[in-house]
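See below for the structure under consideration.
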Amino acid sequence: MAQWSYKTSRHTLAEMPAGAERVFACDDKGHCLVHDLQGKKMGALEDILNEEGKKGWELVQCHYHATELFCLWKKQEEQEKKS
């Protein structure tokens, strides 16, 4: 049976190129959407995803909250072979 490790990461809008604050739109109930990702903004989000992917982490969920992007990641643990 597969075993998983989990981790979280937070990314502030300050880490993204200028103007990234317009990438997210939230309603009064706290539901947020990512929109109008173009050019540098798209690249900044892709950089975050690719950086963790290179380390073997798979994105489970990503949510915007206040001025941060909160991500949950998982990675399958190496299992020792029984002989």
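The values are calculated or read from the model by the stated rules, or taken from the named source; none is laboratory data. What you see is a predicted model, and the numbers here were worked out from it, not measured in a lab. Because the Cβ atoms are built from the backbone with ideal geometry, glycine has one as well, and the counts that use them run over all protein chains shown.
What do you reckon, is residue 32 at pLDDT 70 or above and either touching a strand residue (DSSP E or B) at 6+ places or on another chain (Cβ under 6 Å) or not acidic (Asp, Glu) (or both)?
no
Of all residues in segment 36-83, how many are assigned to a helix (DSSP H, G or I) and modelled with pLDDT under 80?
Residues meeting the conditions: 7.
Could you tell me which numbered condition residue 8 fails, if it satisfies all but one of (1) in a strand (DSSP E or B); (2) out of contact with any His (no Cβ under 8 Å at 6 or more places or on another chain); (3) modelled with pLDDT under 80?
All conditions are met except number (3).
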